[in-house]
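Accompanying notes for the structure given below.
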Amino acid sequence: MFKLIIGNKRLSSWSMRPWLLMKQLGIPFEEEVVPFWHPDWTGRVRAAAGGAPVPGTVPILVDGALAVGDSLAIAETLAERLPGAGIWPPAPDRRALARALCAEMHASFAAIRLECSFDVLRSAQPKVLTAAAVGQLARADAIFAASDTRQGFLCGGFSAADAFFAPLALRTLQYALPLSAAAESYVRRIAQLPAVQEWIAAAAGEREWPMQGPNGRNYFAAVITADDAARLAQAWVAAWNRRDLDAVLALFAEDAAFVSPKAESFVGRARVEGKPALREYWTKALAAIPSLEFRFEAADWDPARSAIVVTYQADLAGRRARAVERWLVRADGRITYGEAFYGAAAP
Ligand SMILES: N[C@@H](CCC(=O)N[C@@H](CS)C(=O)NCC(=O)O)C(=O)O
């Protein structure tokens, strides 16, 4: 039985290619997910590959004593092992085209890959592309649109070429990139493949390695992106500016703990545990502060620690200072532990 070692489904486009190829063609395999940013990521990848000297990247195909790194080499190895499985199209000209397309995917489209980093849980959030990426999108459009005359797939029936382009096709949905009608219909066909749907559903349920918070509670680290971290921080700033305590508290786990020198003056202790106590602290704080305005500056996401560091400007009844909060974020996207740090008063 083959084993495929992959990264997080939410984020790993290279892992998706051979996974999708094998699933869609009905090739049985077991998978092992090695979550990105694990403190011993490379060690875990190598261990999953039975200690073979593989590159420190995923995917890796393991077949008995053999471990093959690199998606293109995996496709070739599968085609060799399973000649009738349909990895490459049977007709020589289509097969040559499929190989050329896979090689092109492997070596090109750098700008669009960099600017639209793969995130299967992102949906239709537009992004302005550089001229280089726009040029690459036009090339992808032409490749996708040609599927019209080839049974709806890039080289006839579903083959490695479609698996290799699937992550780029999905990026056009994630970033609402404009395509021709023919290219769009190809993207829709790929997005609706059962194997693609299965990958996306699994991505939504991903959990990272277990961690222990300073509140003594165990939780799973979050699989989020820097964009998610910025959105969470901006929602927090907006909720405070509306003085909407329910919205602030909704961002925290039920058993969250929070540490702040200000809590001491409002509730008599710097460390506040659990939502009811947090509500009491922040209700008292809001009642004592006639005007409050926060301005978001930055949110730095540290995936290895599942931590967001938010920098903002606080204007509390005319007293202005920059401040920082550090939050630990659980797999469900809620803050399990927060700590506040305050800068000098601005003139
Ligand atoms: N050329 C490789 C690229 C693999 C690759 O870059 N994989 C990414 C995940 S999508 C990775 O393992 N990144 C981890 C790292 O570079 O440390 C392939 O086609 O398989």
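The values are calculated or read from the model by the stated rules, or taken from the named source; none is laboratory data. None of these values were measured; they are calculated from a predicted model. Every residue, glycine as well, gets a Cβ built from its backbone with ideal geometry; the counts of neighbours run over all protein chains shown.
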The number of residues in the stretch 195-224 that are closer than 16 Å to Asp119 by Cβ and either basic (Lys, Arg) or over 15 Å from the mean Cα position of the chain (by Cα) (or both) is 1
Out of curiosity, is Pro28 modelled with pLDDT of 95 or more and within 9 Å of the ligand (Cβ to nearest atom)?
no
Residue pairs meeting the criteria (Cβ under 8 Å; at least 6 apart or on separate chains; first basic (Lys, Arg), in the stretch 80-91; second surrounded by 14 or more Cβ atoms within 10 Å (Cβ to Cβ)):
Arg81/Asp63
What pairs come up if the first residue lies in the stretch 268-296 and is closer than 21 Å to Arg322 by Cα, the second is modelled with pLDDT of 95 or more and of a type in the set (Phe, Trp, Tyr), and their beta carbons are under 7 Å apart, counting only those six or more places apart or on different chains?
Leu292/Trp240; Phe294/Trp240; Phe294/Tyr312; Arg295/Tyr312; Phe296/Tyr312
Taking the stretch 147-182 on its own, how many of its residues are surrounded by 24 or more Cβ atoms within 10 Å (Cβ to Cβ) and in contact with an Asp or Glu (Cβ under 6 Å, 6 or more places away or on another chain)?
1
Test for Val196: is it out of contact with any strand residue (DSSP E or B) (no Cβ under 8 Å at 6 or more places or on another chain), without any contact (Cβ under 8 Å) to a residue 60 or more places away in the chain and either of a type in the set (Phe, Trp, Tyr) or closer than 30 Å to Asp70 by Cβ (or both)
no
Kindly indicate whether Asp315 is touching a residue at least 40 places away in the same chain (Cβ under 8 Å) and either under 20 Å from His38 (Cα atoms) or assigned to a strand (DSSP E or B) (or both).
no
Given the options Ala142, Ala161, Ala201, name the one that is over 22 Å from Lys127 (Cβ atoms) and free of Cβ contacts under 8 Å to residues at least 60 places away in the same chain.
Ala201
Out of the residues in the stretch 47-87 that are of a type in the set (Gly, Ala, Ser), surrounded by fewer than 17 Cβ atoms within 10 Å (Cβ to Cβ) and outside any loop (DSSP other than H, G, I, E, B), which is farthest from the ligand (Cβ to nearest atom)?
Ala47
Going by the conditions given, is Val259 buried (at least 19 other Cβ atoms within 10 Å of the Cβ), free of Cβ contacts under 8 Å to residues at least 40 places away in the same chain and not charged (D, E, K, R)?
no
Within the stretch 11-25, how many residues are within 11 Å of the ligand (Cβ to nearest atom) and assigned to a loop (DSSP other than H, G, I, E, B)?
2
